[in-house]
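The values are calculated or read from the model by the stated rules, or taken from the named source; none is laboratory data. In this text the structure is predicted, and so the values were computed from the model without any measurement. Don't worry about glycine lacking a Cβ; one is built from the backbone with ideal geometry, like all the others, and counts go over all protein chains shown. Just the protein is used for accessible areas: all its heavy atoms, side chains included, with ligands, DNA and RNA removed. Shrake-Rupley method; radii C 1.70, N 1.55, O 1.52, S 1.80 Å.
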Amino acid sequence: MRASVNLRASAAVGGIRTLLARRLFNPARLGGLTWATVRAVLVAGISFVVVFPLLVRMTLALRAVEDMMDLTVNWVPRNFTVVNFQIAMKHMGYLKSATITTAICSLLAAIEVAVCMMIGYGFARFSYPGSRFLFALVLLSLMVPPSVVMVPLFLNFRYFTVFGLLKEPGLNLIGTSWPLIMMALTGTAKKNGLFIYIVRQYFRGMAHELEEAAYVDGASPFRTFLSVMVPNAGPILMIVFLFSFVWHWNDLFYSDLFLRGITVLPLALQSLTERFAYSWSDPNIDGSHITLVSSAAMLLYIAPLLVLYGVLQRHFVESIEKTGIVG
Amino acid sequence: MKTGRLLPRLSLNSQRSLMGFVFTCPFAIGFALFLLYPFVQSILFSFSELSLSPEGFTTSLVGLKNYHRVLFVDPRFRRVFVETIGGLLIDIPAVLMFSFFAATILNQKFKGRLLARIVFFLPVILGAEVFVQINQTEYMSQALGMASKGIVDMQQMKVIFGGTRATETVVEFLMDSINRIPQIIQASGIQILIFLAALQSIPASLYEAADVEGATGWESFWKITFPLMVPMFMVNIAYTVIDTFTSPSNRLMMYIKSSAWTGGGYGVSVAMAWFYFLALMLILGIAMAIVSRGVQYES
């Protein structure tokens, strides 16, 4: 038994020795090996920094309150529990608000995909007097910090007179999703300038032959766009949809501004943490519980996004290469 | 073409111009209604006082009062302004360097590259704005040093290295930069994407030719990759400046927003936003001027 172990060990040592010799006497290989090691360490380190907050939240969300006072508990909880998730779900009205948020985000993302594809195609393939200027305005629209137009936008939607068509008090659109829908329909919602830009770059990189064939066959520009260009724009369509969905999901600024009263997830999460941070009315919840519950709530918040990303990641990462965003 | 019959006879060129306008007109409308109009209003608001009622809002001109109040009366604005902009000026070059570096790594072939890419782009998905607020209000986790702990402990490092005041400031600066690393990685997702897409568009034949001529990997990086990537630096500088400045989770944006509803009122908040916008334009202009000197376009 011992002999065989020794034998195996010596064989392994010999293997390593020849391996080292082969590698050591070959400077190019040695360099490659060193770089591979450095790269592995760097990639692992950076990945750790990215995943670290997630891990912290996970271990916090899964532990019972006693573990917070237990100095021997650092990463692995001693008393596993799902009670934090239950409290968070109850206080956020998770199922309801997640459904509402999914509905609103899908709607906005679908609109934005359609609108930005159309506008981007228009900029990519047609030029008319002023089209360059309008495209410059697209880029400018990205640069205006939302806080500059925040107050006027809020007031215009609070007293919405269809810009002078209705009588003075107008409609109150705050607390409905109409402001966001209208902005999405006109390609001015969150970061839509970026979408228009990348769609334009993508269409510019596509060959003209297909379109020309369609024109020769007598298709109108709209028909050509719908049945020739859009079916060939799968990757960019998916990128725009994913980004738009995710950015609306994570958005607090516009939701807080326009969607007051609708319990979308960011607002639900915000009110949950505020309630826990500033009021001590619930006797069942003590100070150390806040962190645990909000950790669970944060995980619940990102869970649907992680699922979406998990399903789409392969296409996502590959389509970046295909899209040639940079064109 | 059907449109040709419906419309008065147009040349093919003007037909195409018209179609182009039809395709892009949603943005023209949106820009006018949801950007230009509020933009002009916000200039007006910054010089006036607003009062709301159920019947509508009224404005009355007050001259430079709002600006005066922002600069000389508001106790926190100047400090938050300087701190935020200072922080952004450190972050922007760091984000650029990091994302370029990360993109070059992700462009190489190695085992687990797909996994690495998935993890590197994860911050794009996880950047919920509400989390920033939670991290700020969570006193408990701060006390426990879990959620918001930096990579290194400032106090310990000061004790170890900081003998005099001068070394202490140096140590403080270094530690501060190190503790920004997570923040920088979080902010680099899209920039990595842009660089990566550009790296993939460099034809392999260039590298092959360099290899045949006996260039090392190091040489072909500096002679081929880097020059071709300089225009992308422009794109990424613009994106980073805009993204970090307009990100609703930076402190100044939060302060401007909160002062609209609680502090000085709408006019003051808009005046603050205008200072901020001007600073953004200034920094973007300077950055572009510096970088555009180094750009060599193909052809």
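When you scan segment B:262-279, do you find a residue that is over 17 Å from the mean Cα position of the chain (by Cα), free of Cβ contacts under 8 Å to residues at least 24 places away in the same chain, at the interface with chain A (Cβ under 10 Å from one of its Cβ atoms) and surrounded by fewer than 22 Cβ atoms within 10 Å (Cβ to Cβ), even just one? Checked segment B:262-279: no residue is over 17 Å from the mean Cα position of the chain (by Cα), free of Cβ contacts under 8 Å to residues at least 24 places away in the same chain, at the interface with chain A (Cβ under 10 Å from one of its Cβ atoms) and surrounded by fewer than 22 Cβ atoms within 10 Å (Cβ to Cβ). Summed over segment A:190-223, the residues that are open to solvent by less than 10 Å² (accessible area, probe 1.4 Å) and within 18 Å of B:L35 (Cβ to Cβ) give a count of 4.
Take A:V41 and decide whether it is closer than 22 Å to A:E274 by Cα, more than 22 Å from the chain's Cα centre (by Cα), open to solvent by 30 Å² or more (accessible area, probe 1.4 Å) and more than 10 Å from chain B (Cβ to nearest Cβ). Here the answer is no, as A:V41 does not meet what is asked. Just one of the listed residues (A:F80, A:F52) is open to solvent by 20 Å² or more (accessible area, probe 1.4 Å) and either in contact with a helix residue (DSSP H, G or I) (Cβ under 7 Å, 6 or more places away or on another chain) or within 9 Å of another protein chain (Cβ to nearest Cβ) (or both), namely A:F52. In the set (1) crowded, with 17+ Cβ neighbours inside 10 Å; (2) modelled with pLDDT of 80 or more; (3) closer than 20 Å to B:K65 by Cα, B:M253 fails one condition alone, (3). Please work out if A:V73 is open to solvent by less than 30 Å² (accessible area, probe 1.4 Å) and either touching a Lys or Arg at 6+ places or on another chain (Cβ under 9 Å) or modelled with pLDDT under 90 (or both). Considered against the rule, which asks whether it is open to solvent by less than 30 Å² (accessible area, probe 1.4 Å) and either touching a Lys or Arg at 6+ places or on another chain (Cβ under 9 Å) or modelled with pLDDT under 90 (or both), A:V73 comes out as yes. Candidates B:T58, B:T84: the one that is of a type in the set (S, T, Y) and surrounded by fewer than 16 Cβ atoms within 10 Å (Cβ to Cβ) is B:T58. Go through segment B:232-261 and give me each residue that's within 8 Å of chain A (Cβ to nearest Cβ), more than 14 Å from the chain's Cα centre (by Cα) and not β-branched (V, I, T). The answer is B:M232, B:K257, B:A260. Residues in segment A:260-273 that are within 20 Å of the chain's Cα centre (by Cα) and open to solvent by less than 10 Å² (accessible area, probe 1.4 Å): 5 in all. Checking segment A:122-130 against the condition returns no match, with no residue being touching a helix residue (DSSP H, G or I) at 6+ places or on another chain (Cβ under 7 Å) and under 28 Å from B:L278 (Cβ atoms). Determine if segment A:115-122 includes at least one residue that is facing chain B (nearest Cβ under 8 Å) and either modelled with pLDDT under 85 or under 22 Å from the mean Cα position of the chain (by Cα) (or both). Within segment A:115-122, one or more residues are facing chain B (nearest Cβ under 8 Å) and either modelled with pLDDT under 85 or under 22 Å from the mean Cα position of the chain (by Cα) (or both). Out of the residues in segment B:87-117 that are β-branched (V, I, T) and within 12 Å of another protein chain (Cβ to nearest Cβ), state the one that is most open to solvent (accessible area, probe 1.4 Å). Only one residue tops the list, namely B:T104. Listed by first and then second residue, the pairs linking a residue in segment B:230-258 that is touching a residue at least 60 places away in the same chain (Cβ under 8 Å) to a residue that is basic (K, R) and surrounded by fewer than 22 Cβ atoms within 10 Å (Cβ to Cβ), with Cβ atoms under 9 Å apart and 6 or more places separating them unless they lie on different chains, are B:Y255/B:R76.
Would a scan of segment A:174-197 turn up a residue that is hydrophobic (A, V, I, L, M, F, W, C), in contact with a Lys or Arg (Cβ under 7 Å, 6 or more places away or on another chain), over 22 Å from A:S255 (Cα atoms) and assigned by TED's automatic domain parsing to the domain that holds A:L257? No: segment A:174-197 contains no residue that is hydrophobic (A, V, I, L, M, F, W, C), in contact with a Lys or Arg (Cβ under 7 Å, 6 or more places away or on another chain), over 22 Å from A:S255 (Cα atoms) and assigned by TED's automatic domain parsing to the domain that holds A:L257. What's the total number of residues in segment A:126-156 that are over 24 Å from B:V241 (Cα atoms), more than 7 Å from chain B (Cβ to nearest Cβ) and open to solvent by less than 30 Å² (accessible area, probe 1.4 Å)? Looking only at that region, the number is 1. Just one of the numbered conditions (1) open to solvent by 30 Å² or more (accessible area, probe 1.4 Å); (2) within 9 Å of another protein chain (Cβ to nearest Cβ); (3) under 14 Å from A:C105 (Cβ atoms) is not true of A:D251: (1). Taking the condition open to solvent by 30 Å² or more (accessible area, probe 1.4 Å) and under 19 Å from B:R293 (Cα atoms), does B:F221 pass? Here the answer is no, as B:F221 does not meet what is asked. Show the residue pairs meeting these rules: Cβ distance below 6 Å; 6+ apart or different chains; first residue within segment A:36-51 and under 12 Å from B:L115 (Cβ atoms) and outside the structural domain of A:I302 (by TED's automatic domain parsing); second residue of a type in the set (F, W, Y) and loosely packed, with under 12 Cβ neighbours inside 10 Å. Cβ pairs passing all conditions: none.
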